[in-house]
Amino acid sequence: MRRSKAAVSVEVRQVIGALCRLLAATGLHAVPAPETFRRAKFSGGLEVEDQFWQLLTSILQSAGIVSCEAFNQLEGVSKHRKLVAAGLWQTGYHADWVSGGEGGEGGQGGRFSSRDLLLALGWLLATGTLEKLLTRRVQQMDNILLTPIPVNPQLSSELQLHSASLRKLQWLIGSLNYQGQILLSMQEERTRLLHAVLFAILQTSVSSPDQSSTVLREECVCVQQLCDLLEAYLNWKQVENIFWTWMDSVVDCHLTDPVVEKPTHAPSGITRVCHHGNRGLEKFEDMILRLPRGQKGQQIGRGDAEDRGERSTEPNSRLKSRSNAAAAQQRCPTAGPETPDELPLSQATQLLLHAEALLLERRDRQRLANRIQLQEMVGKLDELVLIPP
Amino acid sequence: MSVVTVQLGQCGNQVGHELFDVVCADAQDGQRKAYGTASCERFFHQTTHGDLVARAVLVDMEPKVINQSISRAAKSGRWRYGETSHFSQKQGSGNNWANGYCVHGPSHRDMVEELVRREVERCDRLAGLMAMMSVAGGTGSGVGTYVTQCLRDIYPSTFILNHLTWPYGTGEVIVQNYNSVLTLAHLYKLSDAILVHENDTVHRICSQLLNIKHISFGDVNRVIAHQLGSVLQPALTADSQGVYSRNPLGELVSSLACHPEYKLLSVSTIPQMPSASIAYSTFSWPGLLKHLRQMLISNTKMEEGIDWQVRPTAGSERTSSLTAPSFNTSLANLLILRGKDVYSAETGAFEDPALYTSWLSSQEAFNLWKSPVPFNKYEKSATVVSNSQALLRPLDNIVGKAWNMFASRAYIHQYVKFGISEEDFLDSFTSLEQVISSYSQLC
């Protein structure tokens with residue numbers, strides 16, 4: 001069921017065309033041609049970038065994310081860029097060039113392209129900016145639209161939540177519903193009467209005063225524009241998913257970019273774009289896989305060092321050394337391979353032998369001294385006859 | 001602003017006819033042009049020949065009553081029904097709600113909807129729909145419930161008021177309590193408000209106030225029509241800014257039945273007397289209002305036999321009124337005064353917070369409509385439409401009797417064979433028990 005590539009590209013162009021028409025209908029001034037979108041996908045150069053800077057600025061301003069005064073206060077050639085970066089940051093979009101604030105300028109110029117701007121546009125569309133623009137435009141044009149009055153949602157502190165309050169609340173909600181119904185039917189009647197009046201005017205007086213006809217004409221234009229806007233939105237909504245498929249391909253393109261990026265710090269390299277597909281996940285898994293392998297290597301290294309210390313005669317097989325390392329850890333979990341308190345065995349033997357000799361010598365001397373003392377005592381006691389054992 | 005009436009079944013068609021008769025006579029009677037115009041616009045449309053044609057659709061499964069109503073209306077010479085705005089069949093619903101709701105209703109749905117749509121399209125602005133029926137029989141209750149359901153689907157944001165006639169407690173139909181339970185439980189979910197007249201009460205009014213010896217359905221229906229007319233005829237309301245209100249059903253419903261658990265409305269009117277006596281009677285507003293207030297709080301539907309011992313008590317001392325004959329607590333009341341010197345009437349006694357439930361202030365619970373035009377030959381008349389405990393006991397009786405029959409599974413197979421299961425019965429019982437419980441706790 002795969003359609004031919006040419007057919008798909010024609011379709012994509014039409015879909016982007018629908019988007020462009022809708023953007024223009026919402027009152028944006030700088031809407032690029034559909035072809036510019038295609039060029040942006042393949043990093044179309046400065047001219048394309050400029051158009052997208054303007055488009056993003058225009059969207060951010062119209063949607064009220066950044067104010068026009070802020071734009072006027074900025075100076076220099078990069079004011080579009082600063083404003084867009086600030087606006088995108090406010091909408092929660094993150095990319096290196098946004099947080100860096102130097103997008104597309106100077107040292108980073110090599111790896112920044114119009115594709116980044118296209119992705120940013122995709123982000124804005126996906127987060128509902130388009131609907132915001134549409135609502136604003138409709139509110140501007142439709143002067144009979146009832147705009148909701150902002151209501152202070154703070155509940156009275158006296159309100160206690162028990163069944164009586166709940167019942168009263170239900171009553172009041174019911175009452176509001178009925179009031180709404182009454183209002184609705186009054187509006188219906190007003191519409192009917194207005195229609196009757198207009199019909200009567202059209203029938204009776206062709207030469208109506210200039211002013212009223214001008215007003216009517218303006219109103220008519222306005223309604224026509226409103227219809228166009230809503231129609232454009234409807235057209236866009238019907239084909240929107242094709243655009244997002246294409247946007248996926250832009251993201252893919254962005255991720256498999258042959259230009260080797262040198263991220264300033266590793267995490268931003270991962271989070272800088274929202275990943276469609278599993279490419280980012282693969283990267284991450286790869287990193288995780290690498291992590292424990294490194295730790296194991298360290299352990300093995302430590303085991304080898306111990307082997308070298310005492311058991312150098314044994315066969316240096318990987319399995320053995322690993323078990324040795326574990327044993328060594330059990331015996332002495334904190335100490336390293338060469339502890340200063342531990343002596344070589346031969347030296348210790350010598351030390352012990354020496355100590356033994358010293359002690360034996362001291363013992364013999366003491367025995368001699370005791371014997372002499374005993375003989376002296378015996379010499380003093382004449383009448384005592386001693387029978388040696 | 002117009003109201004389209006749908007008359008369903010024998011009772012609905014008879015009461016509807018009486019209502020149009022009363023309203024038309026009243027609108028053409030006085031010299032007040034604005035009142036008459038407003039009333040006519042509300043209930044009739046005018047043909048190119050100047051005939052008044054009722055904004056009504058007549059539906060019955062038997063042709064007899066519809067034909068009678070149509071010919072009697074035509075004979076009156078003042079108004080008539082639309083030539084093609086009726087629908088009837090040859091065979092009735094056999095007093096079986098299930099037959100009406102599951103069989104006749106669905107099979108004639110398109111025809112009835114088309115008739116209503118035509119009437120609605122004749123209105124410059126639709127103020128609401130009023131379905132009139134009884135709850136005892138098969139066509140009024142069963143087909144009526146089904147039609148109300150269809151109307152709710154087609155006109156989701158239009159006010160729908162159901163006028164129900166409750167049967168005599170002694171019984172006209174053996175399964176009337178089943179039919180009543182099924183109708184009420186279903187309508188409670190569909191209708192914005194349910195205005196109820198009990199045959200027993202109206203019968204007592206006929207015998208004790210109007211001194212009628214042999215009371216016919218016509219007499220009963222005329223009393224109902226009089227009370228209904230006094231509610232629905234044009235009046236000056238709080239929102240209408242000095243002109244006759246253009247939204248009678250909307251204002252009625254939004255002043256009385258905003259809470260989804262409380263939708264039962266009852267009506268009391270004063271004075272009511274034989275037409276021969278009216279000329280010899282004089283009324284004062286303080287006297288009428290004093291009586292009407294006592295009728296309201298003691299739950300007496302007529303001037304005779306008012307219990308003057310009942311007094312409003314503080315909220316904490318109130319008891320559930322299912323057993324003791326006690327104070328009738330209101331959720332909301334709408335007082336409608338018509339006649340001479342109406343602006344001098346003092347209605348403060350109806351704004352007493354002691355009359356109302358503790359959770360709704362009397363400012364929200366009480367509404368007043370006035371009209372300086374005397375209604376239906378009475379120099380002064382006062383009507384109170386009340387969302388109160390007044391219907392609690394009769395409702396409890398109906399549900400209790402139906403439950404006793406259901407416990408022994410009497411006649412259930414008659415309903416099951418048309419597609420109403422025991423589960424459906426149980427659902428209906430449950431929802432009405434909830435209504436009874438809600439009204440019992442209204443203090």
Candidates A:251, A:223 - the one that is in a helix (DSSP H, G or I), touching a His at 6+ places or on another chain (Cβ under 8 Å) and more than 14 Å from chain B (Cβ to nearest Cβ): A:251
Which numbered condition residue B:399 misses (of (1) within 14 Å of chain A (Cβ to nearest Cβ); (2) in a helix (DSSP H, G or I); (3) open to solvent by less than 10 Å² (accessible area, probe 1.4 Å)): (1)
Any chance residue B:96 is open to solvent by less than 70 Å² (accessible area, probe 1.4 Å) and within 18 Å of residue B:12 (Cβ to Cβ): yes
Failed condition for residue B:371, given (1) within 14 Å of chain A (Cβ to nearest Cβ); (2) at pLDDT below 95: (1)
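Take the residues in segment B:342-363 that are open to solvent by 60 Å² or more (accessible area, probe 1.4 Å) and in contact (Cβ under 8 Å) with a residue 24 or more places away in the chain; name whichever of them is nearest to the other protein chains (Cβ to nearest Cβ). Walk me through how you get there before you give the answer.
Filtering segment B:342-363 for residues open to solvent by 60 Å² or more (accessible area, probe 1.4 Å) gives B:343-344, B:346, B:351, B:353, B:358, B:363.
If we keep only those that are in contact (Cβ under 8 Å) with a residue 24 or more places away in the chain too, we end up with B:343-344, B:346, B:358.
Values: B:343: 25, B:344: 30, B:346: 27, B:358: 6 Å.
The residue in question is B:358.
Restricting segment A:125-154 to residues that are aliphatic (A, V, I, L, M) and at pLDDT below 75, which is least open to solvent (accessible area, probe 1.4 Å)?
Within segment A:125-154, the first condition is being aliphatic (A, V, I, L, M), and the residues that meet it are A:125-126, A:130, A:133-134, A:138, A:141, A:144-146, A:149, A:151.
Now drop any that are not at pLDDT below 75, which leaves A:144-146, A:149, A:151.
Details: A:144: 121, A:145: 76, A:146: 134, A:149: 138, A:151: 120 Å².
Checking each candidate, the answer is A:145.
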Evaluation of residue A:157 against (1) open to solvent by 80 Å² or more (accessible area, probe 1.4 Å); (2) at pLDDT 85 or above; (3) farther than 30 Å from residue B:152 by Cβ (one fails), failing number: (2)
Among (1) of a type in the set (Asp, Glu); (2) surrounded by 15 or more Cβ atoms within 10 Å (Cβ to Cβ); (3) more than 14 Å from every other protein chain (Cβ to nearest Cβ) - the single one residue B:307 does not satisfy: (2)
Selection status of residue B:159, surrounded by fewer than 16 Cβ atoms within 10 Å (Cβ to Cβ) and either within 28 Å of residue B:245 (Cα to Cα) or more than 14 Å from every other protein chain (Cβ to nearest Cβ) (or both): no
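How many residues are part of a helix (DSSP H, G or I), open to solvent by less than 40 Å² (accessible area, probe 1.4 Å) and in contact (Cβ under 8 Å) with a residue 40 or more places away in the chain when one looks only at segment B:255-294?
Residues flagged as part of a helix (DSSP H, G or I), open to solvent by less than 40 Å² (accessible area, probe 1.4 Å) and in contact (Cβ under 8 Å) with a residue 40 or more places away in the chain within segment B:255-294 amount to 7.
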Hits in segment B:210-235 - residues which are out of contact with any His (no Cβ under 8 Å at 6 or more places or on another chain) and in a loop (DSSP other than H, G, I, E, B): B:210, B:211, B:212, B:213, B:214, B:216, B:233, B:234, B:235
Test: residue in segment B:185-193 that is away from chain A (no Cβ under 14 Å), open to solvent by less than 10 Å² (accessible area, probe 1.4 Å) and within 13 Å of residue B:97 (Cβ to Cβ): yes
Filter pass, residue A:176 being within 14 Å of chain B (Cβ to nearest Cβ) and either at pLDDT 90 or above or touching a Cys at 6+ places or on another chain (Cβ under 6 Å) (or both): yes
Residue within segment B:413-432 that is under 25 Å from the mean Cα position of the chain (by Cα) and closer than 30 Å to residue B:29 by Cβ present: no
The listed residue being within 27 Å of residue B:176 (Cα to Cα) and of a type in the set (Val, Ile, Thr), out of B:116, B:112: B:112
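Residue check: is residue B:150 within 14 Å of chain A (Cβ to nearest Cβ), more than 18 Å from the chain's Cα centre (by Cα), open to solvent by less than 20 Å² (accessible area, probe 1.4 Å) and touching a residue at least 12 places away in the same chain (Cβ under 8 Å)?
Details: within 14 Å of chain A (Cβ to nearest Cβ): no; more than 18 Å from the chain's Cα centre (by Cα): yes; open to solvent by less than 20 Å² (accessible area, probe 1.4 Å): yes; touching a residue at least 12 places away in the same chain (Cβ under 8 Å): yes.
Criteria not met by residue B:150.
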Any hit, segment B:194-209, residues being part of a loop (DSSP other than H, G, I, E, B) and open to solvent by less than 40 Å² (accessible area, probe 1.4 Å): no
Test: residue in segment A:204-219 that is over 30 Å from residue B:129 (Cβ atoms), within 14 Å of chain B (Cβ to nearest Cβ) and either over 48 Å from the mean Cα position of the chain (by Cα) or at pLDDT 80 or above (or both): no
Residue match in segment B:50-62 (condition: surrounded by 18 or more Cβ atoms within 10 Å (Cβ to Cβ), of a type in the set (Gly, Ala, Ser) and within 21 Å of the chain's Cα centre (by Cα)): yes
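Considering each of B:76, B:39, B:69 in turn, give the residue that is in contact with a strand residue (DSSP E or B) (Cβ under 9 Å, 6 or more places away or on another chain) and modelled with pLDDT of 90 or more. Steps first, answer last, please.
Numbers: B:76 fails: in contact with a strand residue (DSSP E or B) (Cβ under 9 Å, 6 or more places away or on another chain); B:39 fails: in contact with a strand residue (DSSP E or B) (Cβ under 9 Å, 6 or more places away or on another chain).
Exactly one of B:76, B:39, B:69 is in contact with a strand residue (DSSP E or B) (Cβ under 9 Å, 6 or more places away or on another chain) and modelled with pLDDT of 90 or more, namely B:69.
Please verify whether residue B:120 is open to solvent by less than 10 Å² (accessible area, probe 1.4 Å) and either among the β-branched types (Val, Ile, Thr) or over 17 Å from the mean Cα position of the chain (by Cα) (or both), treating the condition exactly as stated. Steps first, answer last, please.
Values: open to solvent by less than 10 Å² (accessible area, probe 1.4 Å): no; either among the β-branched types (Val, Ile, Thr) or over 17 Å from the mean Cα position of the chain (by Cα) (or both): yes.
Taking the combined requirement at face value, the residue does not satisfy it.
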Hits in segment B:258-279 (condition: hydroxyl-bearing (Ser, Thr, Tyr), touching a strand residue (DSSP E or B) at 6+ places or on another chain (Cβ under 6 Å) and more than 14 Å from every other protein chain (Cβ to nearest Cβ)): B:266, B:268, B:269
Residue under evaluation residue B:331, criteria (1) open to solvent by 40 Å² or more (accessible area, probe 1.4 Å); (2) within 22 Å of residue B:299 (Cα to Cα); (3) in contact (Cβ under 8 Å) with a residue 12 or more places away in the chain, criterion not met: (1)
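The values are calculated or read from the model by the stated rules, or taken from the named source; none is laboratory data. Everything quoted here is computed from the prediction, not taken from an experiment. Ideal geometry is used to build each Cβ from the backbone, glycine not excepted, and the neighbour counts take in all protein chains shown. What goes into the accessible areas is simple: the full protein's heavy atoms, side chains included, and nothing from ligands, DNA or RNA. Shrake-Rupley method; radii C 1.70, N 1.55, O 1.52, S 1.80 Å.
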